[in-house]
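The values are calculated or read from the model by the stated rules, or taken from the named source; none is laboratory data. This structure is a prediction, so every number in the text was calculated from the model and none was measured. Heads up, the Cβs are rebuilt from the backbone with ideal geometry, glycines too, and the neighbour counts pull from every protein chain shown. These area figures cover heavy atoms from the full protein model, side chains too; ligands, DNA and RNA do not enter into them. Shrake-Rupley method; radii C 1.70, N 1.55, O 1.52, S 1.80 Å.
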Amino acid sequence: MAGETVHCTSRSSASPDAVWAYVRDFARPWHPVIDWMAAEFGPKGEVRRRFAAGGEDKTYLEQLTYLSHSDRVLGYTVL
């Protein structure tokens, strides 16, 4: 199965605590091209987000695969 890893890095004048308080919400539509985003749960309680972007009719579904508040890291996969 092919895979791709994306690492995003940016700078902010906000404190690390303030940034994490914002981005740890997996279903927050933080990116400017996100038209809408909704939180969902999979059949075993998995945290998912469904969204549309850039005016497309297509919707995307992603599932949270890893979350560490102490390390301020989250991982997800596209379903």
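Tallying residues that are touching a residue at least 12 places away in the same chain (Cβ under 8 Å), in contact with a strand residue (DSSP E or B) (Cβ under 7 Å, 6 or more places away or on another chain), closer than 15 Å to TYR76 by Cβ and open to solvent by 60 Å² or more (accessible area, probe 1.4 Å) within the stretch 30-41 yields 1. Inside the stretch 3-29, residues that are of a type outside the set (D, E, K, R), more than 13 Å from the chain's Cα centre (by Cα) and open to solvent by 100 Å² or more (accessible area, probe 1.4 Å) make up a count of 4. (1) small (Gly, Ala, Ser); (2) more than 23 Å from GLU4 (Cα to Cα); (3) touching a strand residue (DSSP E or B) at 6+ places or on another chain (Cβ under 8 Å): which one isn't true of SER70, the others all being true? The failed condition is (3).
Checked against (1) open to solvent by 50 Å² or more (accessible area, probe 1.4 Å); (2) modelled with pLDDT of 95 or more, GLU62 meets all criteria but (1).
Count of the stretch 42-57 residues, restricted to those that are loosely packed, with under 10 Cβ neighbours inside 10 Å and at pLDDT 95 or above, is 3.
In the set (1) open to solvent by less than 80 Å² (accessible area, probe 1.4 Å); (2) touching a helix residue (DSSP H, G or I) at 6+ places or on another chain (Cβ under 9 Å), the condition left unmet by ARG72 is number (1).
When the residues of the stretch 2-37 are filtered to those that are modelled with pLDDT of 85 or more and of a type in the set (Lys, Arg), the one that is farthest from SER68 (Cα to Cα) is ARG28.
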